[in-house]
Structures are given as C-alpha cells and as structure tokens.
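Structure first, commentary second.
The values are calculated or read from the model by the stated rules, or taken from the named source; none is laboratory data. As the structure is a prediction and not an experimental result, all values here were calculated from the model. Quick reminder, even Gly has a Cβ in these numbers, built from the backbone with ideal geometry, and neighbours come from all protein chains shown.
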Amino acid sequence: MKRYWTNLSDLQAAGMIESIEPLAEVEKNFQTKIGPPLQAQIASFSEDDAAYRALTRQFIPAIEEKTILPRELDDPIGDHRHSPVEGVVHRYPDRALLKVTQLCEVYCRFCFRKEMIGHKGENLSQVELDAAYRYFESHPEVREVILTGGDPMILSNRRLMTITRRLAEIPHIKVIRIHTRIPILNPERVDREFAEFLKSLRTEKGVQILVVIHANHAAEFSEAAREAINCLLDHRVMLISQSVMLKGVNDNFKALSELMYTLVDFGIKPYYLHQMDLARGTSHFVVEEPRAIALIHELREKVSGICVPHLIQEIPAGEGKKALY
C-alpha cells in the first residue's frame, strides 16, 4: 500500500527534492502532505512538462517559503475576528463558515490557513459542534452554511452525514456548501452512499447542496476524478469551482483557459478566481493585480462566458471580499 509523503525525507526518497538541508527551516514552519492519487498524477507527467511544474509548485515545499514579508499574516483574511464560537466564522449576514476539521487531503503551499491546518486538533469535538448548531439556530439570518476547514470530505461518511443532516434540520438554513479538493485529488473517496445522501437532503429537506471544487490547473484532473464528479452530478449535486491565481501555475492565458475549459467539460461551473491572500511565506505565488485583471479580460474576449470566473480579492483583517473584474 502506498503511503503519504509527509516530510522532506519522503520527498527525497521519491526524487521530488534533491536535498533536505535547504528546506529544513521550511519544514519547521509549514507541513507537507501528498497522497497516493496525487503522487500518481504528478508521476504521469514528464519533468519538463508545464503540467508537472504546475503540480509540484503547488504541493512540494520550496525554498522561497523561507521569505516572510512584513505584510504576510498568519490569519490573512481575519477569520479569528469574526469567530463567535469555535469553528464558526460569521463574516456576512446571510452565510457563515463551519470549519469542521483541521485536516486536508493535501497541504497546499499557498494556503491562507497553512499555519492552522493540522496543528490545532483534528476535528471539532461534539461539544464544539453543538455550540455551533446553537449559534446557527439563534441566528435566523443565516440561510447558508459553508463547510470548510481543512477539507470536510476527509471526514468519514458517517461523520460528515451526521453534521450535514443536523444543519439541514435547522429551518432557516436553505443552502449547505461543501468546499473540497478531494473529488479531484482523491476521487475514490466519493462514493454512491454519500452522493445519495446529499440528494436526499434536497428531496426530503428542501436544502440545496453545493459542492465547491478547488482546482488550479487542468493537470489536476484525471479520469478517476471524472467518475467522482459524475457520481455527484448523477445525484443532482450542484458543482461550482474556486481557484487561486498563482504565479508559475496558471498566470498565463493558455493555462487559465485550459483550467476553465476543463472545469466546464467536467460539469463544474467556474465561480471564483481568488487573488492570493498573503499568508506567511507565499509571496512567490503572487500575481500582480493588473496582470490578473488583464488575464480575466483576455478570457472574456476569447472564451465562452460560461468559462469566465469572477476575479475577487479578500480584504485583509476580515472585511470581506471585493470584485476586481
């Protein structure tokens, strides 16, 4: 059975890095986790392929992460400021986050929660979940709950179904979103039992279920991912996307248009394209705003409108997001 790569020794043994010593300081600050399906996807491309570079840049530690700029923050979008109870972030009147787990299938090098993920306990306890449910019940303006973390789909079916069902029982909650990378990067996790459950919430509880797929490059998608996505689509689950504009990954028209075409080909509506949130050690991923806007403008000129996402920027300190284009 293949194992996860979780440290520099694993990466060196797999031939993903040449030497451990230059990255030792990075490893002290930021975690590594890459599962077997993603390992296989990386190995399917040659090292001189742009797709290979796009994958490794997103997931393999880099010496540039040692550079910490003064403007980079450990909580760049101000989650803590808007957290009334553990796990809940209530930044906008009609919707709130529920961060059900600190674990992910993969740890992205650019993640704006890269210093929180995996370090502060695995999942919300039952006591913490009960406090979150009470908070939602006492705030009837909340009609949408967004399950995030971490990656909610790393939880077992039983655990995730219990949480989702409990939210669906709150009368004023009409929409539940699940934000995840797992259907793309560990597609075997998506099974018919879970898809049928999500469909039942819509038909029996009248709750709209959306799965928000996080992907940044067309090379992340495989035939196994297509099967997982089709399983969700077959059960009337709405799929939209979130991506991040990343230097060296998708900051050119060819890569960005191929990503958007691939999303649509898989049945996923492109939704948000985020400008980088300045977490510590991520400045090497930043695409300057004029360049990002120019790329979206080029998309609008050259591809179908259904392939064009909204370019947005989270305002630091938790003030919300602004549309850039």
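Determine which member of the set E298, E193 is free of Cβ contacts under 8 Å to residues at least 40 places away in the same chain and touching a helix residue (DSSP H, G or I) at 6+ places or on another chain (Cβ under 7 Å).
None of the other options fit; the residue is E193.
So which of I146, I173, I163, I184 is assigned to a strand (DSSP E or B) and at pLDDT 95 or above?
I146
Scan segment 17-34 for residues that are of a type outside the set (V, I, T), in contact (Cβ under 8 Å) with a residue 12 or more places away in the chain and surrounded by fewer than 19 Cβ atoms within 10 Å (Cβ to Cβ) and jot them down.
P22, A24, E25, E27, N29, Q31
When you check E204 against the structure, is it surrounded by fewer than 17 Cβ atoms within 10 Å (Cβ to Cβ) and either in contact with a Leu (Cβ under 8 Å, 6 or more places away or on another chain) or among the acidic types (D, E) (or both), yes or no?
Yes.
Of all residues in segment 16-60 being among the hydroxyl-bearing types (S, T, Y) and not in a helix (DSSP H, G or I), which is farthest from A219 (Cα to Cα)?
It comes out as S19.
Working carefully through the options I229, I209, find the one that is outside any helix (DSSP H, G or I) and aliphatic (A, V, I, L, M).
I209
Is there a residue being closer than 27 Å to E223 by Cα and out of contact with any helix residue (DSSP H, G or I) (no Cβ under 6 Å at 6 or more places or on another chain) anywhere in segment 61-79?
So far as segment 61-79 goes, no, none of its residues is closer than 27 Å to E223 by Cα and out of contact with any helix residue (DSSP H, G or I) (no Cβ under 6 Å at 6 or more places or on another chain).
Restrict the check to segment 229-249 and report whether at least one residue is more than 18 Å from the chain's Cα centre (by Cα) and under 22 Å from A294 (Cβ atoms).
Taking every residue of segment 229-249 in turn, at least one turns out to be more than 18 Å from the chain's Cα centre (by Cα) and under 22 Å from A294 (Cβ atoms).
Would you say S9 is assigned to a loop (DSSP other than H, G, I, E, B) and modelled with pLDDT of 95 or more?
Spelling it out, it is not the case that S9 is assigned to a loop (DSSP other than H, G, I, E, B) and modelled with pLDDT of 95 or more.
For segment 8-34, what are the residues that are touching an Asp or Glu at 6+ places or on another chain (Cβ under 7 Å) and closer than 22 Å to R181 by Cβ?
If the condition is that a residue be touching an Asp or Glu at 6+ places or on another chain (Cβ under 7 Å) and closer than 22 Å to R181 by Cβ, then V26, F30 are the ones that fit.
Taking the condition of being surrounded by fewer than 17 Cβ atoms within 10 Å (Cβ to Cβ) and aliphatic (A, V, I, L, M), how many residues in segment 247-293 meet it?
Number satisfying all stated conditions: 2.
Against the definition (touching a Leu at 6+ places or on another chain (Cβ under 9 Å) and either farther than 22 Å from I182 by Cα or polar (S, T, N, Q) (or both)), how does N230 come out, yes or no?
No; evaluated as a whole, the condition is false for this residue.
Report those strands (runs of 3 or more DSSP E) wholly inside segment 233-325 carrying at least 2 residues which are of a type in the set (S, T, N, Q), modelled with pLDDT of 95 or more and under 28 Å from P93 (Cβ atoms).
238-244
Considering segment 214-226 alone, what residues qualify as being in contact (Cβ under 8 Å) with a residue 24 or more places away in the chain and in a helix (DSSP H, G or I)?
Across segment 214-226, the qualifying residues are A218, A219, E220, A224, A225, R226.
Going through segment 51-81 one residue at a time, which ones are more than 26 Å from A215 (Cβ to Cβ), over 20 Å from the mean Cα position of the chain (by Cα) and of a type outside the set (D, E, K, R)?
Scanning segment 51-81 gives T67, I68, L69, P70.
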